[in-house]
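Trainee: Take this structure first; my questions come after.
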Amino acid sequence: MRAASNVAIIGGGISGAVCASILAGKGVSVTVFESGRGPGGRMSQRREATGDGSELRFDHGAPYFTADHGEVAGIVRSWEARGLVAEWKAKFGCFDRNTGEFSDFEKEGTAKKYVGVPGMNSICKALCSEAGVEAKFGVTVGKVDWLHERSLWSLASLDGQDLGHFDAVVASDKNISSRRFTGLTEKPPPLDITLFPALSVMSQDIPVHSCFALMLAFAEPLTSIPVKGFSFKNSELLSWAFCDSSKPGRTCMPPVRETWVLHSTAEYASKVIAQNGLRKPSNDALARVAEELFQEFKTAGLNIPRPVFMKAHRWGSAFPGAVIGGEDKCLWDKNSKLAICGDFCASPNVEGAVLSGTRAASKLLGSLSLLSAAILTISSAEDEDEEEEEEKEGAGGSPQPMETTRRSSTVAARGNSCLLLRTWVMAAAVGLPMASPAPTATSLLRPSTELISTAPPPSAPAHVAAHTSRRRKLKPSDSTASARENRNGAPVAMS
């Protein structure tokens, strides 16, 4: 058996990255598959080139996040200690398009707003670079198959490339079993969710609210706007606007002095997508969106100049329209070790995604640790048997027949208990119902002359039976042996 379990995580957003970090920290081998050029998801950062060849960077997804939940707050504090996040201390408000006035100003201390440093994607990049995590970018998973007889997952890319076999899978992409995947790729969804009754809640497509992000760069600061971030009231086109360059760790190089990111309303995005379809929008379509959103933005200030850079980006799955994780904050099929996590399982924001990732990791660790702990117990008991025999043999002299018989019986009984525990563990790992609780470490070490049947449960898969048939190496005693194991792991009385 491998020393560490091997887990595939589909999606390198914050939920998948957090899950990967937790698992790797517990010794699990993790491979992250991300279709984008880098990690981030809703916390991605875009690089854009200007006409003079200089580079601009925009947090075009989530502009910031909060951490009200105690568990998430603790995680954020650890990120802050590592220099991955910082508090965005700025003034925020609301702009009423009908009155043309700003109101509801938020000042420092009202609500802590955190950002990644130097970009929102810095957190995911760091988590996906930790020891034990292998991240593969630009890889779209096109097939996720459960190999029941082997209790393994088989993954393949969209173009049919074999991506390997894994003990468990975490899917942080809401489109993993959705028709939306087909609309984007013209291929069937990677996962047939109907094969997993525990995940039936995903049998219906999870509704999503799309958004268009407009990235703007100005040669001069927008002094007519009194805040660095604000929501729109009574606007059919815009929902939010943020001064991206005002965040901690950001810099602007001349001729750019200030950068902004605007988010459209879901209604506006739906109308545009209905006209152009789910496929990647053309440059002309994006240019029209950019101009419409910029003209709406100009109503928020008296003197907003023409930007030196302007580009729109479609954020197709910006916000989930439903939350399906319930109290668990994730979905979990213990028989196949398949976890589903993401903001759509907890709450439609970064905090919800982080919390869902932690819960998915907890489910997996609970399942994987059962196997690991039991195997360690088995190995320890078997090693003790051999060490005890070696010590007694090394003491010199030939043992008395009665002593030999008693010691052999004890060793055999421990061997039987080890095999029973191994059988119980392997059956539990694949979700078979257990008629009795697991043998304990105490029972493994308690001398007993009873012969315990180690045959696997009748419904156990072949690989469980095969695993329980592994034979321990017992040294024959100097006199007549009282008990030994045969090749099937069952004790045989010897005369």
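Trainee: Give me the pairs, please: first residue somewhere in the range 235-254 and in a loop (DSSP other than H, G, I, E, B), second residue anywhere and basic (Lys, Arg) and at pLDDT below 95, beta-carbon distance under 7 Å, and either six or more positions apart or on two chains.
Mentor: Here the result reads SER235/ARG97, each pair linking the range 235-254 to a residue that is basic (Lys, Arg) and at pLDDT below 95.
Trainee: Of the residues that make up the range 78-94, is at least one touching a residue at least 40 places away in the same chain (Cβ under 8 Å), closer than 17 Å to MET215 by Cβ and either over 21 Å from the mean Cα position of the chain (by Cα) or not in a loop (DSSP other than H, G, I, E, B) (or both)?
Mentor: For the range 78-94, residues touching a residue at least 40 places away in the same chain (Cβ under 8 Å), closer than 17 Å to MET215 by Cβ and either over 21 Å from the mean Cα position of the chain (by Cα) or not in a loop (DSSP other than H, G, I, E, B) (or both): absent.
Trainee: If you check ILE225 against the conditions, is it of a type in the set (Val, Ile, Thr) and over 25 Å from PHE344 (Cα atoms)?
Mentor: Working: of a type in the set (Val, Ile, Thr): yes; over 25 Å from PHE344 (Cα atoms): yes.
Spelling it out, ILE225 is indeed of a type in the set (Val, Ile, Thr) and over 25 Å from PHE344 (Cα atoms).
Trainee: So GLU71 ticks every box in (1) in a loop (DSSP other than H, G, I, E, B); (2) more than 24 Å from ALA312 (Cβ to Cβ); (3) acidic (Asp, Glu) but one. Which box is left unticked?
Mentor: Exception for GLU71: condition (1).
Trainee: Look at the range 287-304 and say how many of its residues are touching a residue at least 40 places away in the same chain (Cβ under 8 Å) and surrounded by 11 or more Cβ atoms within 10 Å (Cβ to Cβ).
Mentor: From the range 287-304, those touching a residue at least 40 places away in the same chain (Cβ under 8 Å) are 289-290, 292-294, 296-297, 299-304; that's our starting set.
Subset that is surrounded by 11 or more Cβ atoms within 10 Å (Cβ to Cβ): 289-290, 292-294, 296-297, 299-301, 304.
Total meeting the criteria: 11.
Trainee: So for the range 45-54 (the condition being without any contact (Cβ under 8 Å) to a residue 60 or more places away in the chain and more than 30 Å from PRO226 (Cα to Cα)), does at least one residue qualify?
Mentor: yes
The values are calculated or read from the model by the stated rules, or taken from the named source; none is laboratory data. Nothing here was measured: the structure is a model prediction, and the numbers come from that model. Backbone-built Cβ (ideal geometry, glycine too); neighbour counts: all protein chains shown.
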